[in-house]
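Everything below concerns the one structure shown next.
The values are calculated or read from the model by the stated rules, or taken from the named source; none is laboratory data. None of these values were measured; they are calculated from a predicted model. For neighbour counting, all protein chains shown are included, and Cβ atoms are generated from backbone atoms with ideal geometry for every residue, glycine included. Note: accessible area is taken over every heavy atom of the protein model, side chains too, but ligands, DNA and RNA are not part of it. Shrake-Rupley method; radii C 1.70, N 1.55, O 1.52, S 1.80 Å.
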Amino acid sequence: MQNADALLIIYRERGNQGLPLERVYRQLFNREHYLRAYAKLYRNAGAMTEGSTAETVDGMSLEKIDRIIEALRYERYQWSPARRVYIPKPNGKRRPLGMPAWSDKLLQEVIRSLLEAYYEPQFSTHSHGFRPNHGCHTALTTIQQTWKGTKWFIEGDIAQYFDTINHDKLLAILRQKIHDERFLRLIAGLLKAGYLEEWNYHATLSGTPQGGVLSPLLSNIYLNQLDQYVTQTLIPAHTRGKIRRTNPAYARINTTIRQQRAARNWKVVKELTRQRRTLPSRDPNDPEYRRLRYIRYADDFLLGYVGTQQEAEEIKRHLKEWLSTHLSLTLSEEKTLITHARTQPARFLGYDVVRQHEDAHITKGRRSLNAHIGLRVPANVVSKKIARYTKHNKPRHRPMLMEESDYAITTTYQQEYRGIVQYYLLAHNVCSLNQLHYVMKRSLLQTLAAKHKTSTISILKKYRTTTTTAEGKHLICLEVRVPREGKTDLVARFGGLSLTRTPHAILDDHPITKRQASTELIQRLTAEECELCGSHEKIQVHHIRKLANLKRKWGKEPPRWVRRMAEMRRKTLVVCHACHVAIHAGRPTKTRQTDL
């Protein structure tokens with residue numbers, strides 16, 4: 001069987017060349033793909049969450065992989081229906097989320113890795129959702145850097161996209177490139193597996209289950225058809241001219257200024273220069289100049305158009321008709337808006353996207369802001385975030401955190417604050433988050449004061465300190481230190497984050513330590529030796545959600561397996577079946593002969 005890494009390189013190259021894939025199904029018989037998938041998925045919090053069955057990542061084994069491969073070999077693998085739950089959306093509605101069984105997650109990840117290697121080189125550069133080295137920030141940075149001069153924004157949103165993907169059309173799109181019916185039948189089975197809601201079975205006649213490992217990639221493959229239509233048809237049809245013609249009014253003033261300079265009428269020159277700065281140098285209504293730009297993140301997309309409002313309406317109509325005819329999708333009338341870029345912001349990925357205009361802002365003799373795209377933190381976003389920490393418009397304490405340690409409370413506040421700040425660092429007005437910082441800081445002080453039954457002033461005096469940012473700024477923050485014997489102190493800080501705009505995309509790089517931990521786990525599993533008793537029979541992996549679970553009260557002394565996991569600082573322990581059963585039953589596990 002071919003090495004998994006070498007196969008993915010081959011698939012990536014075939015994708016680059018646009019060559020079809022054949023005999024994909026037989027690659028699912030390679031155990032190495034499942035070990036790679038396991039190494040990627042086991043850290044996720046959802047790995048310990050049950051689907052429609054009681055199966056989770058706990059108890060993972062090579063035997064389980066072999067059972068999946070055996071079922072696939074004879075086309076007997078049955079997808080389990082996903083367990084449906086609902087999560088609230090900001091608009092008050094609820095988003096359905098499917099929770100697959102662990103074996104289904106594992107197989108989906110294997111399929112995802114094969115399809116991603118092949119399709120990723122073929123995806124449009126305008127697509128940024130659910131892709132390696134892409135994200136919200138790359139999409140927003142592209143808009144900011146390349147959409148200068150945009151006059152109209154067309155905000156696009158597909159109504160109930162994940163629930164309305166047409167299965168037959170998706171399989172037809174896959175069939176264009178993948179010439180393996182067994183593989184396509186397996187994907188068709190996943191799409192039609194259905195879901196359980198309150199333990200009642202519901203068939204899935206359309207859509208891909210949100211929450212599934214494979215769903216984001218399938219949705220990108222489906223909407224790649226839209227990307228191709230926009231880039232190959234709409235953009236060429238609405239793009240012409242190399243540069244706008246000179247504005248006649250601007251040119252006339254330029255001529256007059258030269259004449260008055262020659263006559264040394266400096267007062268007149270000054271007044272004419274002031275008037276010139278109120279006029280665009282190029283004709284904004286040039287009928288021979290048009291530009292259409294496009295960006296997409298999942299089912300949300302944004303178009304920027306240089307032209308007339310009537311033409312923008314026509315583009316929207318074409319999109320609506322094409323989506324309905326070719327992909328059986330519907331544009332949301334409520335969310336698909338046409339806005340004037342200079343007078344009204346477009347909302348995209350939580351940012352306000354605006355066309356900037358300020359005649360008085362001069363840099364190197366030019367109006368450097370005019371026609372450039374600006375990104376802003378929406379005012380209602382700040383107010384919504386603040387609402388969580390206030391009551392009757394005043395900062396309040398959070399009773400649900402008062403049972404935690406000062407370190408844990410401060411860490412919680414800092415994680416919430418850091419997430420918001422890091423997401424909005426591209427915004428020109430990121431400093432508006434100062435208001436959020438103030439409210440969260442007061443809420444944190446009140447929470448700690450209520451816990452210790454003291455005043456916020458005493459808490460402030462106890463924990464107030466100064467920290468230095470990466471840019472060399474000295475910022476006041478709150479700092480909680482937990483001394484540890486023989487180790488460095490645990491430190492939790494709130495604040496200390498610079499609210500200075502970062503003009504470049506921020507991507508979440510995966511630390512090398514995570515990859516090393518994944519490789520180590522696979523090596524421990526494939527060694528097939530119980531780390532408690534040394535047995536080589538029926539080896540499995542015991543998982544816990546977090547290391548903090550090991551610190552609960554165990555009576556006189558923690559069990560041996562707890563001490564071993566704490567020593568290794570790992571959320572996994574490779575054990576035999578007998579030891580695994582004993583762990584869950586609360587019985588003593590077997591010991592090695594050398595330990596007796």
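One table, with the values for the structure above:
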| item | result |
| --- | --- |
| Links that overshoot a 24 Å alpha carbon limit, given the list LYS320/LYS385; LYS441/LYS461; LYS89/LYS151; LYS93/LYS335; LYS487/LYS546; LYS242/LYS335 | LYS320/LYS385; LYS89/LYS151; LYS242/LYS335 |
| Area of GLU528 that stays accessible when all protein chains are in place (1.4 Å probe, Å², to 10) | 80 |
| Per-pair calculated FRET efficiency, R0 = 25 Å: ALA188 and THR53 via Cβ, rounded to 0.05 | 0.70 |
| Nearest 10 degrees, 0 to 90: helix 4-17 Cα axis against the chain principal axis | 30 |
| Low-density loop positions, GluC sites (Glu not before Pro), the range 359-445 - DSSP coil, at most 16 other Cβ in 10 Å | GLU403, GLU404 |
| Beta bridge orientation in the chain: antiparallel %, DSSP, nearest 5 | 90 |
| Accessible surface ranking that places the most exposed of THR488, THR447, THR502 first, with a 1.4 angstrom probe | THR488, THR502, THR447 |
| Between helix 62-73 and the chain: long-axis angle, C-alpha atoms, 0 to 90°, nearest 10 | 70 |
| Positive-end extreme of charge dipole, the chain - chosen from GLN78, ILE539, HIS134 (charges on Cβ) | HIS134 |
| Accessible area in the full protein assembly, largest first, 1.4 Å probe, for SER458, SER61 | SER458, SER61 |
| ASP300 - accessible surface, heavy atoms, 1.4 Å probe, Å² rounded to 10 | 50 |
| Distance (nanometres) between label positions extended 7 Å along Cα→Cβ at TYR74 and LYS473 | 6.6 |
| Net charge over other residues, Cβ less than 10 angstrom from the Cβ of SER52 (K, R count +1; D, E count -1) | -1 |
| Under the Debye formula (equal points on every Cα, no solvent term), log10 I(q)/I(0) of the range 549-596 at q = 0.16, 0.24, 0.28, 0.29 Å⁻¹ | -0.46, -1.04, -1.30, -1.34 |
| Cα-projected label distance for ASP163 with ARG274, points at 7 Å along beta-carbon direction, nm | 6.0 |
| Accessible area in the full protein assembly, largest first, 1.4 Å probe, for ARG261, ARG182, ARG524, ARG366 | ARG366, ARG261, ARG182, ARG524 |
| Accessible carbon and sulfur surface of the range 400-470 relative to its total accessible area, %, 1.4 Å | 52 |
| Estimated [θ] at 222 nm from DSSP helical runs (n ≥ 4, -39500 (n - 2.57)) normalised by residues in the chain, nearest 500 | -12500 deg cm²/dmol |
| Heavy atoms of LEU217: accessible area, 1.4 Å probe, square angstrom to 10 | 10 |
| Label zone at LYS93, where the point sits 7 Å out along the Cα-to-Cβ direction: the range 304-340 residues whose backbone N lies under 17 Å | 329-337 |
| Which label in (i) 3, 15, 25, 27, 18, 9, 3, 0; (ii) 3, 14, 19, 18, 15, 11, 8, 6, 4, 2, 0, 0; (iii) 3, 13, 19, 22, 20, 13, 6, 3, 1, 0, 0 gives the computed P(r) over Cα pairs in 10 Å bins from 0, in percent | (iii) |
| Contact order relative to length of the chain, as percent, for alpha carbon pairs under 8 angstrom and 6 or more apart | 14 |
| Inter-label distance, nm, simple model (7 Å from Cα along the C-beta direction), LYS551/ARG23 | 5.4 |
| The range 86-192: relative contact order as a whole-number percent, Cα under 8 Å and 6+ apart | 10 |
| Per residue accessible area in Å² of the chain, where ligands, DNA and RNA are left out and the probe is 1.4 Å | 53 |
| Nearest-ten-degree value, helix 266-276 long axis tilted from longest Cα axis of the chain | 50 |
| Cleavage-rule hits, GluC sites (Glu not before Pro), the range 190-286, DSSP coil, Cβ neighbours within 10 Å at most 12 | GLU198 |
| Two-site FRET efficiency, ARG563 against GLU485, from Cβ-Cβ distance with R₀ of 25 Å, rounded to 0.05 | 0.90 |
| The range 298-395 - convex hull of alpha carbons, volume per residue in Å³ | 176 |
